[in-house]
Amino acid sequence: MNFSQTKKIAAVTLLLTGYSICRAQAHDPNNPVPLGPGVNKGNVDNKTNGPNYYYFYAGPGHLEMHYAFKSLGILGSPMREALSFDLYQENNKLIVHDAIVSVDKMEKLSRPGDLGTRHKLVIRVIAPQQALRLGGYYEIEATGAVSFAGEAAGADVKPENTDLYRPGGSLYTPVGALTTVNESPKELRLTLASDILFDFDEATIRPDAKATLDRVAEIVRSKSHGIVGIWGFSDSMGAPDYNLRLSRARAESVENWLIGHAGLRAAQFAARGFGATRFVSPNTKSDGGDDPVGRQKNRRVEIVIQKQD
């Protein structure tokens, strides 16, 4: 099977008007579920369900494979994630490997090819192994010289909502004060809400923050390669010198907790206070009035984990 160069496309061209919903996701490579005509939808989660397998028949003639993937991220925050689509012949011979990288948006890819004879083909959908729990939503469509063993859903069947973002929350929910997680190729940044970690105007960690800091310690152990920065920030209320001291004291309290309670190494951390700088939200409204919601977002501690030496 000779496939041409992989290319990203702006939209998947639906050559069939119907939708087919994979009503079950098979995780056994020896018992894949049948792919249906139209767009097949599914979810992937690297910590619970493992690879998903589908099969269909193709050839002789031209075949078009259309894939799409939207990453879920973690704790409701976007992250750069990859999803692989491997196409096999029934004798477990890999034909072609494709991967789509997504950051909180639906990315699409088309793979054309030609078959000289009829084959039973298997698709494996797999998320990479990660210490963090990741997942997302994907679509598969096979068009051209293809046939399907499963019953076609048809154009009158309403697609099921398999999007992992649901009203009232997502698959991953924040843990206590851990409010956001942002990832780049070089670092992972965890944002902790100071108002949940500490009492007002204090730098002593509250007892009910244990679950949050246990989760932070788990992520640091699995992801860090180098110095981990612990940065404290305040809002704009109060004297700048006082805010600087308070933000530094809170960063040091988090550092001491991770060392004393989680058993992490002291040399692994560098704590700093930035006071009323580097805002993530305005402290005042457009009319000049106080913005308590914005100030609350600025009162935070960030854990900056270097992912590369």
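Observations, loosely collected:
- Filter result (at pLDDT 90 or above and not aromatic (Phe, Trp, Tyr)) within the range 271-293: ALA271, ARG272, GLY273, GLY275, ALA276
- Selection of first residues in the range 182-201 that are touching a residue at least 40 places away in the same chain (Cβ under 8 Å) and of second residues that are surrounded by 17 or more Cβ atoms within 10 Å (Cβ to Cβ) and of a type in the set (Gly, Ala, Ser), restricted to Cβ pairs under 6 Å at least 6 apart or on distinct chains, gives the following pairs, ordered by first then second residue: ASN182/SER77; LEU192/ALA177; ALA193/ALA177; LEU197/ALA177; LEU197/ALA209.
- Looking only at residues in the range 20-34 that are assigned to a strand (DSSP E or B) and at pLDDT 85 or above, the one that is surrounded by the most Cβ atoms within 10 Å (Cβ to Cβ) is VAL33.
Let's see how each residue does on (1) surrounded by fewer than 17 Cβ atoms within 10 Å (Cβ to Cβ); (2) touching a Cys at 6+ places or on another chain (Cβ under 9 Å); (3) assigned to a helix (DSSP H, G or I); (4) among the β-branched types (Val, Ile, Thr):
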{"position": "LEU192", "(1), (2), (3), (4)": "no, no, no, no"}
{"position": "ASP201", "(1), (2), (3), (4)": "yes, no, no, no"}
{"position": "THR212", "(1), (2), (3), (4)": "no, no, yes, yes"}
{"position": "SER236", "(1), (2), (3), (4)": "no, no, no, no"}
{"position": "ASN243", "(1), (2), (3), (4)": "no, no, yes, no"}
{"position": "GLY263", "(1), (2), (3), (4)": "yes, no, no, no"}
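- When SER147 is tested against the conditions (1) surrounded by 15 or more Cβ atoms within 10 Å (Cβ to Cβ); (2) modelled with pLDDT of 65 or more; (3) more than 23 Å from MET106 (Cα to Cα), the lone failure is (1).
- Selection of first residues in the range 236-261 that are assigned by TED's automatic domain parsing to the domain that holds LEU190 and of second residues that are loosely packed, with under 14 Cβ neighbours inside 10 Å and assigned to a helix (DSSP H, G or I), restricted to Cβ pairs under 6 Å at least 6 apart or on distinct chains, gives the following pairs, ordered by first then second residue: ILE259/ALA266.
- Selection count, the range 265-283, where residues are in contact with a Lys or Arg (Cβ under 9 Å, 6 or more places away or on another chain) and in a strand (DSSP E or B): 3
The values are calculated or read from the model by the stated rules, or taken from the named source; none is laboratory data. Note that the structure is a prediction, hence the values are computed from the model and not measured. In this analysis, Cβ positions are derived from the backbone assuming ideal geometry, glycine residues included, and neighbour counts consider all displayed protein chains.
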